[in-house]
Amino acid sequence: MWLNQNFLLTQEVWSSDRDSEWSTCLSCLRDDTLLQLNYKSGTLQVATPNMGLAADIVQSLAAYLNLDNLKTVAEFPAVFSKISDCLGQVADLQQNATKMAANVADSSNIIRSLIVQAEDLRLLQQMKDMRECYNELQQINEELVNTYAVRVANHELLLEALLGKRKSDVITHCRAAMASNNISALIKVIKTGEP
């Protein structure tokens, strides 16, 4: 009955046996992909490349059966590959941020030294050498401003790579997996919704 009520079928499907097996292949009107539904031994398999469509089908079936919880397993290899790539990008961006922070600290030390040296040269009235110190200070300052612009862009890319739509439980488990840098646990959370 759920199948007949939720899909545009050329003919209605009827079965009086709860343990019967059935399979159907439909065309998704959202994105013109195929949707295959296979029912066997009390398990419904939803085969589609569209994660949103699969989620809608699971939610519809759970609502029809009046279930609060429904154990599901999801396999989306292309999405999981993108997640792995995204986490690799995040690791690279974090490494770049660490390198830039170290470079800023080094530049800060050089700036302190040059300021002291320029002041000493001023007191000794060695104006030519003092100007060279200030020119070097100006160069380092410009490098710091450029580094800051790169750090801001790096931070924006990092935020873009990390944000997305998630449910509260899955978010908590995903954050824990990411904090421990455990990619396989993260993929498991996405597949099953459990840690």
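Exactly one of these conditions fails for Asn135: (1) without any contact (Cβ under 8 Å) to a residue 40 or more places away in the chain; (2) surrounded by 14 or more Cβ atoms within 10 Å (Cβ to Cβ); (3) of a type outside the set (Gly, Ala, Ser). Give me its number.
The single condition Asn135 does not satisfy is (2).
Return yes when His155 is closer than 27 Å to Cys86 by Cα and touching a Pro at 6+ places or on another chain (Cβ under 6 Å) and no when it is not. Give the derivation first.
On the way: closer than 27 Å to Cys86 by Cα: yes; touching a Pro at 6+ places or on another chain (Cβ under 6 Å): no.
Here the answer is no, as His155 does not meet what is asked.
Would you please name the residue that is modelled with the highest pLDDT, looking only at residues in the stretch 157-175 that are within 20 Å of Gln94 (Cβ to Cβ) and open to solvent by 60 Å² or more (accessible area, probe 1.4 Å)?
Arg175
Here's a check for you: in the stretch 28-55, which residue that is open to solvent by less than 70 Å² (accessible area, probe 1.4 Å) and among the hydroxyl-bearing types (Ser, Thr, Tyr) is nearest to Lys191 (Cα to Cα)?
Among them, the one singled out is Thr48.
Kindly indicate whether any position in the stretch 94-111 is part of a helix (DSSP H, G or I), touching a residue at least 60 places away in the same chain (Cβ under 8 Å) and open to solvent by less than 90 Å² (accessible area, probe 1.4 Å). Don't jump to the end; show me each part of the working.
Initially, the stretch 94-111 is screened for residues part of a helix (DSSP H, G or I), giving 94-111.
Now drop any that are not touching a residue at least 60 places away in the same chain (Cβ under 8 Å), which leaves 94, 97.
If we keep only those that are open to solvent by less than 90 Å² (accessible area, probe 1.4 Å) as well, we get 97.
Yes, some residue in the stretch 94-111 is part of a helix (DSSP H, G or I), touching a residue at least 60 places away in the same chain (Cβ under 8 Å) and open to solvent by less than 90 Å² (accessible area, probe 1.4 Å).
Being open to solvent by less than 90 Å² (accessible area, probe 1.4 Å) and either of a type in the set (Ser, Thr, Tyr) or farther than 19 Å from Thr98 by Cα (or both) is the filter here; which residues of the stretch 141-156 pass it?
Asn141, Thr147
Considering each residue of the stretch 64-82, count those that are within 23 Å of Val189 (Cα to Cα), among the hydrophobic types (A, V, I, L, M, F, W, C) and open to solvent by 40 Å² or more (accessible area, probe 1.4 Å), and give that number. Step through it out loud before you land on a result.
Start the filter on the stretch 64-82 by keeping residues that are within 23 Å of Val189 (Cα to Cα), which leaves 67-82.
Then keep just the ones that are among the hydrophobic types (A, V, I, L, M, F, W, C); that gives 67, 70, 73-74, 76, 78-80.
Of the ones still in play, those that are also open to solvent by 40 Å² or more (accessible area, probe 1.4 Å) are 67, 70, 73, 78-79.
Number of matching residues: 5.
Return only the number of the condition from (1) within 30 Å of Glu156 (Cβ to Cβ); (2) in contact with a strand residue (DSSP E or B) (Cβ under 8 Å, 6 or more places away or on another chain) that Leu37 does not satisfy.
All conditions pass for Leu37, except number (1).
Against the condition at pLDDT below 90 and either within 27 Å of Leu158 (Cβ to Cβ) or exposed (fewer than 14 other Cβ atoms within 10 Å of the Cβ) (or both), how does Leu123 come out, does it pass?
Values: at pLDDT below 90: no; either within 27 Å of Leu158 (Cβ to Cβ) or exposed (fewer than 14 other Cβ atoms within 10 Å of the Cβ) (or both): yes.
No.
Among the residues of the stretch 40-49, is there at least one that is of a type outside the set (D, E, K, R) and more than 21 Å from Val73 (Cβ to Cβ)?
Initially, the stretch 40-49 is screened for residues of a type outside the set (D, E, K, R), giving 41-49.
Okay, now just the ones that are also more than 21 Å from Val73 (Cβ to Cβ), so none.
No, every residue in the stretch 40-49 fails to be of a type outside the set (D, E, K, R) and more than 21 Å from Val73 (Cβ to Cβ).
The values are calculated or read from the model by the stated rules, or taken from the named source; none is laboratory data. Computed from a predicted model, the values in this text were never measured in an experiment. Glycine also receives a Cβ, built like all others from the backbone with ideal geometry; neighbour counts cover every protein chain displayed. Ligands, DNA and RNA are stripped out before the accessible areas are found, and what is left, the full protein with its side chains, is counted by its heavy atoms. Shrake-Rupley method; radii C 1.70, N 1.55, O 1.52, S 1.80 Å.
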